[in-house]
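The block underneath contains the structure these notes are about, expressed in structure tokens.
The values are calculated or read from the model by the stated rules, or taken from the named source; none is laboratory data. Predicted model, so just to flag it, every value in this text is computed and none were measured. Here the Cβ is made from the backbone with ideal geometry for all residues, glycine too, and neighbour counts use every protein chain on show. Side chains included, ligands, DNA and RNA excluded: accessible areas come from the protein's heavy atoms. Shrake-Rupley method; radii C 1.70, N 1.55, O 1.52, S 1.80 Å.
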Amino acid sequence: MRKVALSGLLARKTRLALTALAVALGVTLISGTYIFTDTINRSFDRIFQVSLEKVDVVLTPDDDLGGEDRTTIPLDRALLRRVRAVPGVATAEGVINDPNGTVLGNDGKPVSKGPPTFIASLEGPAFRALEVVDGRLPRTDGEVILDKGTVDREGFALGREVAIQAAAPKTRLRLVGSTTIAGATSLGGATFAVMTLRDAQRLTGKVGRFDAIDVGAQEGADAGALVRRVKAIAGPGVVVRTGSQQAESQSADIRGGLSILSTALLAFAGISLFVGAFIIFNTFSITVAQRAREFALLRTLGATRRQVLRSVLGEGLTIGVLGSAAGLLLGVAVAKGLKALFSTLGVDLPSSGTVLLTRTVLVSMVVGVLVTLVSCLAPALRATRVPPVAALREGVAMPETRSSRLLTPLALVLTTLGVALLALGLFAGSGTNAALTLVGAGAALAFLGVALLSPRLVPPIAGAVGAPLERAFGLTGRLARENSVRQPGRTATTAAALMIGVALVCFASIFAAGAKQTIAKAVDSGLRGQLIVQNQSGFGAFTAAAGAAVRREPGVAIVSPVRGGQTRVTGVGGKSRLAGIDPASFQRVYHLRVRAGGERAVRDLQDGQVLVTQDFADEHGTRLGSRLRAATPRGRAVTWTVTGIIEDKAGLVGPLVVPNPTLRRAFGVTSDQLTLVAFRPGADPGALKARIDALLARDFPQAEALTAEQFKSAQRDQINQLLGLIYALLALSVIVSLFGIVNTLVLSITERTRELGMLRAIGTSRRQVKRMIRLEAVITALIGGILGLVLGVGLSVLVTRAIDDFNLAFPVPTLIAVLVASGVAGVLAAVLPARRAAGLDVLSALAHD
Amino acid sequence: MIVTATSVTRRYGTGEASVDALRGITVGFPAGQFTAIMGPSGSGKSTLMHILAGLDRPSAGSVVVDGTEIAGLDDGALTQLRRDKLGFIFQSFNLLPVLTAEENILLPLSIAGRDPDRAWIDQLIDTVGLRDRLRHRPAELSGGQQQRVAVARALAARPAVVFADEPTGNLDSTTSAEVLRLLRQAADEFGQTIVMVTHDPESAAVADRLIVLRDGLLAEDSAGTAVPATAPAPAGE
Ligand SMILES: Nc1ncnc2c1ncn2[C@@H]1O[C@H](COP(=O)(O)OP(=O)(O)O)[C@@H](O)[C@H]1O
Ligand SMILES: [Mg+2]
């Protein structure tokens, strides 16, 4: 029996390859994701290990509640003195390592738009881990050494001046060398500017203060015991770790950051495998039907049902193993591709060799094989139900099963259940992992339900789509339509695979369009000032000195800084974003709608008071007068009274709003996230904007001033970039579904060989045959496209309902483009099958059975 | 002559394993004649017919259909020839299951993008007696009815010649007789040239002329001319 299964496989190489590919692509993304993240993690592990190798104990501010821009409350000189006095401490040194710097390139623009630029002090030889590649280390103030990656990228020559900006206005330092850490020229695209401690403190606005204190133990002192002793004098808000613990903690931070990415990538792999499952199911269903005679013959020759089952599952197993193995290998290439993709986005991730963990192999193989086996189980069971007597009858049909009668009710139940789960995930929990899982499972069930329902939808949709084709192409159009509804189940499954990809593309585009519109509306209705100053990178903080300088420009009436921090509120899970505003001026540059507490709530906001958004209030049952206990990075808690409930469609300030002085005192946040600027009446806005632009370019190139239009367009660009990434990843599942169309067509053509021979014999040209196949593919693809469009629209309506104040907008041109693209995809999928059908030899086709 | 074959040979395969299906056949089919080709299994009947119909190419020799030498034609030209000049009736009825009986009859015209001559089609439909079955699909028709549809289809485009390969091979004797009567009627009433391969002497008896093949050679021809076996002539191209 095994021979039967294998010979069956070899006889159908194209199908084998196409089916295996359906699994392989999903598995590719799984293994690619793992290899990619594992490789990066390992490189960073090494970098951190090496850089902390000589440090026995290190003190850092607790960064759990550091600002969103990684700002922390610096350590002070008094602490350094206390540390030096701890028994067992040989040396202790305060260092600066601030991630909010900017190095300017030859064009005067920041060298990095995404990854951070670190301003670091040169550690003493006892702790130093830098390797000088070219030039030398800085010796005096005014000298800087940069990482080799940046020096090479920018083509900086040694000896020239490099402009750097952090908290202080732009400063020029002489470039004296380039450096690597642990041999890595690139640290995820991050830039390192290393200078004297004095320069570093001055540039980062931390004169007399440090980002970390490195400690060297005396000969023979136990690091663990030393950590305990240092902890005793360090006080709250300071973390004390051994060097290796610190390296691990930094590695863990990187892993945490990457895990968001890898979870997202794996989700897309899951989508692609889900689509692949449809293809495998369909392919097996068709071939089992085509081979019914063969199974019957085997049964008459004495094969048991179990043997028939085993032979089909054996085929599935082979395909699963081959596909998964291919996917695993392709994953290596994908990992490289991902790295390349990220480096074009400016994130140059380090990698030292390719890391292929056993876990990667196991997960890829097991998932791939399981998906294949599960997908071919139903067809395999069907094969066992072919009665032996079928071998003797002409034109055997597969036995009709009870399950096919139950299909429609089952489909309805699944769809309903899916939508219910989806709604539950969306409305009951919010943003938690469990809720997201519910949403995912609900969507999958809904897709499955609609897929099962779709055999009923195929004939009407094919009719609607086919009618114009028939009018345009006559007989070939007619035959294409008829052929597509010949086996509605087959067409439905093929189309459903494409439907999933299309639905998600539509969903993403609708969601993005809504987000853009929501932001645009909020800016239009909220912004009363003329300019928004923000970090060039689009996120991250920048020095408050920039705003202060803008304020001095004649013609500027108001400069109102908005700052950002994080806190943990008792009774609220996780961290909450915390915004700081200048109450006196805020409402004059931005109109925040106050839902409760009165319009004056914003202007009157004082230390000890907090404004919360309506969302936050609804979710946590907060009312006017409620008291919130918020944790600070210093390890204490403060209590705030809710004095206003606001609406914040743009997400400009976030769920909690306090006055800036509170944020400075309790959270140490002194830099701005956004600075809103209003002009004096009568000021020439064009000229004033130009002066402000020039001012920022001269002294604070880290910041940029945007008009409302520019700000909206910057936000749109960011959303579009993300959307592009999502499209690219969804393209994978669309490609899988195209293979499904190819596969189904090839199998159907085999079935209809004799018909094609007859058509050719009575005068059908090759071109007509090709067109007929192509149109059939187009109809199938358009059915998928239409179902996907409807489902995508439905899904986005449902999901956006769960988001307060979301403006639902339909990007009609995009949606039409998606539909057209599905048709074009059908044409592409038909290339091979059409060529095959047209290339058939008329005589042998006629003799085909 | 509507169709003439001159010194046609056909060899399958090469070397040791090669089979000479036709070993030099010269034959002509005049307009309006209904010819039956008989002969033992493997004698080359189907091969000859396929070559006459441009479905297969001779190894050597020439075939002229309605004035066109077809030996050197490419696929497109052959397709055009089949479309314009030839009709086919196959042993297994070979209808398109997705089309109705009427659509199947009109199929050659639809393929060619020609408007049907309604009067002619109506006459055909009445001749084959399928007026009340026009909206049915092949699966809803009996074997005999399906073959009658096939006959009507072959005649629909008024081809110069209709080729039929064992058209009654899958039918019982009653329905066979019906189909043969139809072919006879086509020859008599419409002057249709017909070339029919058959196994069955009774079927052959309906024809005007009987040709017998044996081992790839023309063994008998009731048209009277004694046909001597000719050696394969060098290809005329
Ligand atoms: N495609 C082919 N390849 C090889 N040999 C063939 C092929 N078609 C026919 N033959 C051989 O050519 C000879 C004539 O076949 P055919 O014309 O089908 O005979 P008939 O129709 O009279 O039974 C037979 O010996 C047959 O085996
Ligand atoms: Mg034959």
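General observations
- B:PHE90 meets each of the listed conditions (1) under 17 Å from B:LEU155 (Cβ atoms); (2) more than 8 Å from every other protein chain (Cβ to nearest Cβ) apart from (2).
- Of all residues in the stretch A:764-776 being part of a helix (DSSP H, G or I) and at the interface with another protein chain (Cβ under 9 Å from one of its Cβ atoms), the one that is least open to solvent (accessible area, probe 1.4 Å): A:GLN768
- Some residue of the stretch A:133-142 being modelled with pLDDT of 90 or more and at positive phi: yes
- Any chance B:ALA101 is surrounded by 20 or more Cβ atoms within 10 Å (Cβ to Cβ), of a type in the set (Gly, Ala, Ser) and within 24 Å of A:ALA480 (Cα to Cα): yes
- Being farther than 25 Å from A:SER43 by Cα and open to solvent by 30 Å² or more (accessible area, probe 1.4 Å) is a condition met by no residue of the stretch A:120-127.
- Some residue of the stretch A:176-189 being out of contact with any Ser or Thr (no Cβ under 7 Å at 6 or more places or on another chain) and without any contact (Cβ under 8 Å) to a residue 12 or more places away in the chain: no
- Those strands (runs of 3 or more DSSP E) lying entirely in the stretch A:122-181 with at least 2 residues acidic (Asp, Glu): A:131-135, A:143-147
- Residue match in the stretch B:158-173 (condition: open to solvent by less than 20 Å² (accessible area, probe 1.4 Å), more than 16 Å from ligand 1 (Cβ to nearest atom) and under 21 Å from B:VAL98 (Cβ atoms)): no
- Filter result for the condition that a residue is under 24 Å from A:ALA847 (Cα atoms), out of contact with any helix residue (DSSP H, G or I) (no Cβ under 6 Å at 6 or more places or on another chain) and not assigned by TED's automatic domain parsing to the domain that holds A:PRO110, over A:THR750, A:THR764: A:THR750
- Qualifying residue in the stretch A:111-121 (condition: in a loop (DSSP other than H, G, I, E, B), more than 16 Å from A:ASN535 (Cβ to Cβ) and modelled with pLDDT of 90 or more): no
- The stretch B:2-11, residues that are in a strand (DSSP E or B) and either more than 11 Å from ligand 1 (Cβ to nearest atom) or more than 14 Å from chain A (Cβ to nearest Cβ) (or both): B:VAL3, B:THR4, B:ALA5, B:THR6, B:SER7, B:VAL8, B:THR9, B:ARG11
- Members of the stretch B:12-34 that are assigned to a strand (DSSP E or B), open to solvent by less than 60 Å² (accessible area, probe 1.4 Å) and within 15 Å of ligand 1 (Cβ to nearest atom): B:ALA21, B:LEU22, B:GLY24, B:ILE25, B:VAL27
- Conditions (1) away from chain A (no Cβ under 14 Å); (2) touching a Ser or Thr at 6+ places or on another chain (Cβ under 8 Å); (3) within 16 Å of ligand 2 (Cβ to nearest atom): number failed by B:GLY28: (3)
- Flag if B:ILE125 is out of contact with any Phe, Trp or Tyr (no Cβ under 9 Å at 6 or more places or on another chain), more than 29 Å from A:ALA480 (Cβ to Cβ) and surrounded by 18 or more Cβ atoms within 10 Å (Cβ to Cβ): no
- Tally, over the stretch A:531-551, of residues that are modelled with pLDDT of 90 or more and either touching a Leu at 6+ places or on another chain (Cβ under 8 Å) or on the phi > 0 side of the Ramachandran plot (or both): 7
- Top-ranked residue of the stretch B:52-63 - restricted to ones that are part of a loop (DSSP other than H, G, I, E, B) and away from ligand 2 (no atom under 16 Å from the Cβ), ranked as farthest from B:ALA205 (Cα to Cα): B:SER59
- Options B:SER92, B:SER43; residue that is among the polar types (S, T, N, Q), modelled with pLDDT under 90 and within 16 Å of ligand 1 (Cβ to nearest atom): B:SER92
- The conditions of being within 16 Å of ligand 2 (Cβ to nearest atom), buried (at least 18 other Cβ atoms within 10 Å of the Cβ) and part of a loop (DSSP other than H, G, I, E, B) are not met by B:LEU96.
- Residue match in the stretch A:182-194 (condition: over 34 Å from the mean Cα position of the chain (by Cα) and outside any helix (DSSP H, G or I)): no
- Qualifying residue in the stretch A:777-787 (condition: within 16 Å of ligand 2 (Cβ to nearest atom) and either more than 30 Å from the chain's Cα centre (by Cα) or within 14 Å of another protein chain (Cβ to nearest Cβ) (or both)): no
- The residues listed here are B:VAL197, B:VAL206; of these, the one that is touching a helix residue (DSSP H, G or I) at 6+ places or on another chain (Cβ under 9 Å) and within 26 Å of B:ALA112 (Cβ to Cβ) is B:VAL197.
- Residue within the stretch A:336-348 that is farther than 30 Å from A:PRO110 by Cα and either without any contact (Cβ under 8 Å) to a residue 40 or more places away in the chain or open to solvent by 40 Å² or more (accessible area, probe 1.4 Å) (or both) present: no
Here's the yes/no breakdown for (1) part of a helix (DSSP H, G or I); (2) hydroxyl-bearing (Ser, Thr, Tyr):
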{"residue": "B:ASP132", "(1), (2)": "yes, no"}
{"residue": "B:GLN145", "(1), (2)": "yes, no"}
{"residue": "B:ARG153", "(1), (2)": "yes, no"}
{"residue": "B:THR168", "(1), (2)": "no, yes"}
{"residue": "B:ALA177", "(1), (2)": "yes, no"}
{"residue": "B:ALA187", "(1), (2)": "yes, no"}
{"residue": "B:ILE194", "(1), (2)": "no, no"}
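- Hits in the stretch B:39-51 - residues which are away from chain A (no Cβ under 13 Å) and either more than 11 Å from ligand 2 (Cβ to nearest atom) or in a loop (DSSP other than H, G, I, E, B) (or both): B:GLY39, B:PRO40, B:SER41, B:GLY42, B:SER43, B:GLY44
- Taken as a whole, the stretch A:807-814 holds no residue that is open to solvent by 60 Å² or more (accessible area, probe 1.4 Å), touching a residue at least 40 places away in the same chain (Cβ under 8 Å) and not in a loop (DSSP other than H, G, I, E, B).
- Unique match (being more than 14 Å from chain A (Cβ to nearest Cβ) and open to solvent by 40 Å² or more (accessible area, probe 1.4 Å)) among B:ASP66, B:ASP84, B:ASP74: B:ASP66
- For the stretch B:191-213, the set of residues classified as exposed (fewer than 15 other Cβ atoms within 10 Å of the Cβ) and either aliphatic (A, V, I, L, M) or modelled with pLDDT of 95 or more (or both) consists of B:ALA205 only.
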